[in-house]
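**Student:** Shown below is the structure under consideration.
The values are calculated or read from the model by the stated rules, or taken from the named source; none is laboratory data. Nothing here was measured: the structure is a model prediction, and the numbers come from that model. In this analysis, Cβ positions are derived from the backbone assuming ideal geometry, glycine residues included, and neighbour counts consider all displayed protein chains. Accessible surface is based on the protein model in full, side chains and every heavy atom, while ligands, DNA and RNA are left aside. Shrake-Rupley method; radii C 1.70, N 1.55, O 1.52, S 1.80 Å.
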Amino acid sequence: MKVLVLGAGQLARMMSLAGAPLGIEVSAYDVVSEDIVHPLTKTALGHGLGNAIASAQIITAEFEHIPHAILDQCEASGKLHPSAQAIKTGGDRRIEKSLLDKAGVANATYEVVNNREDFDRAVAKVGLPMVLKSAKDGYDGKGQWRLKSEDQKEPVWQEIAAFLAAAKGDQSIVAEAFVPFDYEVSLIGVRNMSGELEVYPLTENTHVDGVLNVSVAGNQPMELQAQAKAMFRAVAEALDYVGVLAIEFFVVGEKLLVNEIAPRVHNSGHWSQQGAETCQFENHLRAVTGMPLGRTTLLRPTAMVNILGEDTLPEAVYTMGHVHWYGKEKRTGRKMGHINLCANTLIGLGQVLDAVAPLAPAHAREAVAASARKLAG
Ligand code: ATP
Ligand code: MG
């Protein structure tokens, strides 16, 4: 079975690794260079979308910011899973927000902003503080503005007006209420063509400067897990979704609010490579190729620490956990790899994180130490 992934980054790479034992051959299509490459070696395998589509039985995606013309051409081949509509939903906050409303899942109040009039209406309706996000092309906290007080209205509007004026193509701002959350979690789940659905345990996520740094799986209460699963089912069924889908939530007291969805395997699910019976990459391939799903059961409490902008780690880290490098050239802030850390108990995982904290990449040290303290109780 041959699967083509739109996008040639680390997610395609990890799908390739997970597909090998199942006899699934993964190739990757770089939507910018239009090259078809091997996801591990980056060896050129061909060129052009037509050839890419013809070379595989199934097509999927590792990111949602893909030109609609490419998605439509892939969909026309009948090979694309999840659907073009599902991928477009994840790539445009306007479509995403109306989907969430349609599916009846709680999310932050919002207004779409295209001009000054909309902006003033959003401030009046949504209230301050407010988070303004570009409708398209945002990731890792990029394309976002915070509006905290009345006196910031003018300068923030000036920035947004400049952003909208410079934007190529169809762009808007989604203005949403700032959510005073206690912490953030995400749910990774998978649905196949026959509607079979499985979810992983909720993962607690710590972001630093808008970028995920640490995820911990296996520490969340059953009530939140049940709420998250019901919301996941509503969203996945509304999209007739096939593949792995990630939903990011804000935890406010005992309630979940959806922040955003990602129609793909997700950074906050990397822990599943060591911590779950079947990892998210394998389950995505199972779903899109029409195989039965693998079990998503937690094997043991597991944490993931991202490695940003560095290509080495102290040797001791290798004795404590599993290191996954993405084979990328070092650049400041770039996602270079991750570390998965496991223990038999949550207390034990806290001890492992405490030992790893001083050895972790500098950007993540504080977040790792904070996760360790939280697990210690
Ligand atoms: P990702 O890399 O996850 O795709 P992103 O750039 O698409 O990130 P969001 O997930 O929407 O952006 O926002 C990044 C972070 O900013 C969130 O994880 C959260 O910490 C904070 N944030 C976003 N929206 C709000 C909100 N309405 N209220 C409070 N904090 C928010
Ligand atoms: Mg996010």
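**Student:** Given 100, 128, which one is over 18 Å from residue 166 (Cα atoms) and away from ligand 2 (no atom under 16 Å from the Cβ)?
**Tutor:** 128 is the lone residue from the list that is over 18 Å from residue 166 (Cα atoms) and away from ligand 2 (no atom under 16 Å from the Cβ).
**Student:** Just to be sure I understand the filter: pairs with C-beta atoms under 6 Å, separated by 6 or more residues or on different chains, first member in region 146-173 and more than 13 Å from residue 115 (Cβ to Cβ), second member surrounded by fewer than 16 Cβ atoms within 10 Å (Cβ to Cβ). Which pairs pass?
**Tutor:** If the second residue must be surrounded by fewer than 16 Cβ atoms within 10 Å (Cβ to Cβ), the pairs left are 148/129.
**Student:** Only residues in region 82-111 that are more than 24 Å from residue 255 (Cβ to Cβ) count as the first member; pair them with residues that are open to solvent by less than 50 Å² (accessible area, probe 1.4 Å) and among the acidic types (Asp, Glu), Cβ under 6 angstrom, at least 6 apart or cross-chain, and list the lot.
**Tutor:** Pairs that qualify, where the first residue is more than 24 Å from residue 255 (Cβ to Cβ) and the partner is open to solvent by less than 50 Å² (accessible area, probe 1.4 Å) and among the acidic types (Asp, Glu), are 87/64; 91/64.
**Student:** With (1) more than 30 Å from residue 240 (Cα to Cα); (2) part of a strand (DSSP E or B); (3) not charged (D, E, K, R) as the list, and residue 158 as the residue in question, which single condition is left unmet?
**Tutor:** With (1) more than 30 Å from residue 240 (Cα to Cα); (2) part of a strand (DSSP E or B); (3) not charged (D, E, K, R) applied to residue 158, the lone miss is (2).
**Student:** I would also like to ask the following. Can you name the strands (runs of 3 or more DSSP E) wholly within region 1-78 that have at least 3 residues being open to solvent by 30 Å² or more (accessible area, probe 1.4 Å)?
**Tutor:** Values: elements: 2-6, 25-29, 35-37, 44-47, 58-61.
Strands (runs of 3 or more DSSP E) meeting the threshold: 44-47.
**Student:** Answer yes if at least one residue in region 135-144 is more than 23 Å from residue 86 (Cβ to Cβ), in a loop (DSSP other than H, G, I, E, B) and within 15 Å of ligand 1 (Cβ to nearest atom), and no otherwise.
**Tutor:** Yes, the conditions are met somewhere in region 135-144.
**Student:** Residue check: is residue 246 modelled with pLDDT of 95 or more and not in a strand (DSSP E or B)?
**Tutor:** no
Conditions (1) over 19 Å from residue 92 (Cα atoms); (2) in a loop (DSSP other than H, G, I, E, B); (3) under 18 Å from the mean Cα position of the chain (by Cα), marked per residue:
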{"residue": "181", "(1), (2), (3)": "yes, yes, no"}
{"residue": "190", "(1), (2), (3)": "yes, no, yes"}
{"residue": "194", "(1), (2), (3)": "yes, yes, no"}
{"residue": "213", "(1), (2), (3)": "yes, no, yes"}
{"residue": "230", "(1), (2), (3)": "yes, no, no"}
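**Student:** Do the conditions hold for residue 199, that is, is it touching a strand residue (DSSP E or B) at 6+ places or on another chain (Cβ under 8 Å), more than 16 Å from ligand 2 (Cβ to nearest atom) and at pLDDT 95 or above? If you could, list the steps in order and put the result at the bottom.
**Tutor:** On the way: touching a strand residue (DSSP E or B) at 6+ places or on another chain (Cβ under 8 Å): yes; more than 16 Å from ligand 2 (Cβ to nearest atom): yes; at pLDDT 95 or above: yes.
Spelling it out, residue 199 is indeed touching a strand residue (DSSP E or B) at 6+ places or on another chain (Cβ under 8 Å), more than 16 Å from ligand 2 (Cβ to nearest atom) and at pLDDT 95 or above.
**Student:** Moving on. Which one of these does residue 195 not meet: (1) closer than 24 Å to residue 246 by Cα; (2) out of contact with any Phe, Trp or Tyr (no Cβ under 7 Å at 6 or more places or on another chain); (3) open to solvent by 30 Å² or more (accessible area, probe 1.4 Å)?
**Tutor:** If we test residue 195 against (1) closer than 24 Å to residue 246 by Cα; (2) out of contact with any Phe, Trp or Tyr (no Cβ under 7 Å at 6 or more places or on another chain); (3) open to solvent by 30 Å² or more (accessible area, probe 1.4 Å), just (3) comes out false.
**Student:** Go through 192, 205 for me and flag whichever is touching a Gly at 6+ places or on another chain (Cβ under 8 Å) and either within 16 Å of ligand 1 (Cβ to nearest atom) or not hydrophobic (A, V, I, L, M, F, W, C) (or both). Step through it out loud before you land on a result.
**Tutor:** Numbers: 205 fails: touching a Gly at 6+ places or on another chain (Cβ under 8 Å).
Going through 192, 205 in turn, just one is touching a Gly at 6+ places or on another chain (Cβ under 8 Å) and either within 16 Å of ligand 1 (Cβ to nearest atom) or not hydrophobic (A, V, I, L, M, F, W, C) (or both): 192.
**Student:** If only one of 282, 248 is within 13 Å of ligand 2 (Cβ to nearest atom), open to solvent by 20 Å² or more (accessible area, probe 1.4 Å) and within 17 Å of the chain's Cα centre (by Cα), which one is it?
**Tutor:** Sole residue among the options that is within 13 Å of ligand 2 (Cβ to nearest atom), open to solvent by 20 Å² or more (accessible area, probe 1.4 Å) and within 17 Å of the chain's Cα centre (by Cα): 248.
**Student:** Just name the residue that is most open to solvent (accessible area, probe 1.4 Å) out of those in region 161-179 that are within 16 Å of ligand 2 (Cβ to nearest atom) and not in a strand (DSSP E or B).
**Tutor:** 178
**Student:** Could you identify the single residue in 259, 219 that is surrounded by fewer than 23 Cβ atoms within 10 Å (Cβ to Cβ) and in a loop (DSSP other than H, G, I, E, B)?
**Tutor:** Just a single option satisfies the conditions, and that option is 219.
**Student:** Something else about it: Take the conditions in contact (Cβ under 8 Å) with a residue 60 or more places away in the chain and either under 30 Å from residue 10 (Cβ atoms) or β-branched (Val, Ile, Thr) (or both) and apply them to residue 136. Does it pass?
**Tutor:** When the stated conditions are applied, residue 136 passes them.
**Student:** Does any residue in region 14-26 that is under 7 Å from residue 281 (Cβ atoms) come within less than 7 Å, Cβ to Cβ, of a residue that is part of a helix (DSSP H, G or I) and open to solvent by 10 Å² or more (accessible area, probe 1.4 Å) six or more places away or on a different chain, and which pairs are these?
**Tutor:** 18/282
**Student:** Please indicate, with yes or no, whether at least one residue in region 148-155 is of a type outside the set (Ser, Thr, Tyr), assigned to a strand (DSSP E or B) and open to solvent by 70 Å² or more (accessible area, probe 1.4 Å).
**Tutor:** no
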